[in-house]
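Visitor: Please find one structure pasted underneath; my questions will follow.
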Amino acid sequence: MIPEIFQLQDTIVAVASAAGRGAIALVRLSGPDAFAIAAKHLRVMPKESRVAYLCEVHSDGEKLDEALVTLFPAPNSFTGEDTVEFSTHGGYFVPSSIVAALTASGARQALPGEFTRRAVLNGKLDIIQAEAIGDLIDASSRIMQRTAISQLDGGLSRRLLTLRNDLIELEALIAYDVDFPEEDDGPIPRARIEEAAASVLKSLDLLLSTVPVGELVREGAVVVIAGPPNAGKSSLFNALLGRSRAIVTEIPGTTRDAIEAVIDSGKWPLRLVDTAGLRETEDRIERLGIQVSERYLAGAHVVLACAEDTSSVERTRSLVSQRTDAPVISVRTKSDLVPNREQSGNGERSVIAVSAETGSGLQDLMAAIDTAIDERQGTIQPDLPILTRARHRKALEAARAEVQQFKQAWGAEKLPVTVAAVHLRTAVTELEELIGTFEIEDVLDRVFSSFCVGK
């Protein structure tokens, strides 16, 4: 049952571009009366579909703008409905005045995510593809962009549909065995059922194995810059970020709280964290900052142990290793003052020498960070879809638990076949709800609650 506020017979309108000053704004109008409402405000209605026409937009005889207007007849539009797009001059007032005019003529202001919601309900997208649109808009790194585009292209959806079909085929085998036990060569071998269930479990495990990587892709890997006061941590933070975010002084203890920024390393999104210097102090405020640093260290994916000389780097490395399980990279800062690259005291671990002043060593450091993440989290397999949302993980974990219970019940022969098969049906339902092919209204409410109005 579609909620009253989402009635599909309504024609909806919204500004689909970002608010604020700009060259162009996009007003989107979609619904059964879109063409009729648009015609009331255009001097000349475009004659061909999917071709941009320069049109004068008016309201009550007053010219509002000259805009490029494009018609998209149903079902060949984003929403699957008749859609009109107005490419107007940017800013706040011009697109808002056009939306007001279209609303006065019978359109309704669209709710957040309502255009994409209609695309799902009209079969233009499934829910995973709709989520990918939101992820693409929110992408802050190239890997998140590539992952979202892959999901928008249907990569994850196709993999899940294959799993769903495998489960349905397994259901069919069991149903055939129950209904026609004496047909052909007799009952279907139990080993065949077990192998089919094991194959589905293997495929589910493979997808679930991408969850840690998906979290990094979506949230970024936490890279903590740690070390004693005045070790050049803030200068290194600013150099890696490419702009000044942390205050850099020669006074020990300047950074009294953690400062965080996201950078795109080219391989992984990194949440770079500049922390307070690690030392014993009687200053209550500075101590609070050190406690924040220790919390970041406990949750880090990579830690940069920074100091000005090799012996101090080793002491710093030993200190931070007691507070984190993450890989620790030894970094000797201010290498422009002592330019030669040194080895650590034990002769085994290499110390990366960097200079925030000249930029030397920064590329080596970024490569070392990427390598440390690869070794800890695993590399991304290009042909394997990545799970980037908690909803995906929960649904697949639930489906896996059901298949596992079926496999155990089937192997133990303690339950009637028809009862054991209920687990398969529940697993199929979990996948259908995840993709959006079964009872999707409550799922849609959750998915689109965070969307912007114009989408």
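Visitor: For the peptides 293-304, 153-164, 407-418, what is the packing order when you average, over each peptide's residues, the other Cβ atoms within 10 Å and list the highest mean first? Please report the intermediate quantities before stating the final value.
Guide: Numbers: 293-304: 21.3, 153-164: 18.8, 407-418: 13.7.
Going from most to least packed, we get 293-304, 153-164, 407-418.
Visitor: Still on this model: Just want the ordering: Leu434, Leu152, from fewest to most Cβ atoms lying within 10 Å of their own Cβ.
Guide: On the way: Leu434 27, Leu152 19.
Taking fewest neighbouring Cβ atoms as first place, the list is Leu152, Leu434.
Visitor: Going by how many other beta carbons lie within 10 Å of each one, how would you line up Lys63, Lys233, fewest first?
Guide: On the way: Lys63 10, Lys233 31.
Ranked by crowding around the Cβ, least crowded first: Lys63, Lys233.
Visitor: Okay, moving on. Lys and Arg at +1, Asp and Glu at -1: add these up for the other residues within a Cβ distance under 15 Å of Glu48 and post the number.
Guide: Computed value for this residue: 0.
Visitor: Calculate, in nm to one decimal, what Leu8 and Arg295 gain on full extension: separation in residues at 0.36 nm each, minus their alpha carbon distance. Can you show the working numbers first?
Guide: Numbers: separation 287, 0.36 × 287 = 103.32 nm, distance 4.91 nm.
The span from Leu8 to Arg295 would gain 98.4 nm if fully extended.
Visitor: Further question: Below 12 angstrom from the Cβ of Glu357, what's the summed charge of the other residues (Lys, Arg +1; Asp, Glu -1)? Don't skip to the answer; put the middle values down first.
Guide: On the way: positive: Lys334; negative: Asp336.
Here the charged neighbours net out to 0.
Visitor: Then there's this: Local charge sum around Phe72 (other residues, Cβ-Cβ under 9 Å, Lys/Arg +1, Asp/Glu -1)? Kindly include the intermediate steps, with their values, before the conclusion.
Guide: Numbers: positive: Arg50; negative: Glu81, Asp82, Glu85.
Net charge in that neighbourhood comes out at -2.
Visitor: Let me know the Rg and Dmax you get for segment 4-126 when you use only its Cα atoms, in Å.
Guide: Radius of gyration, then largest Cα-Cα span, for segment 4-126: 13.4, 42 Å.
Any read-out appearing in this document is the output of simple, stated calculations on the displayed coordinates, not a laboratory observation. Values in this document were obtained by computation on a predicted structure and should not be read as measured data. Cβ: placed from backbone, ideal geometry, glycine included. Neighbour counts: every protein chain shown.
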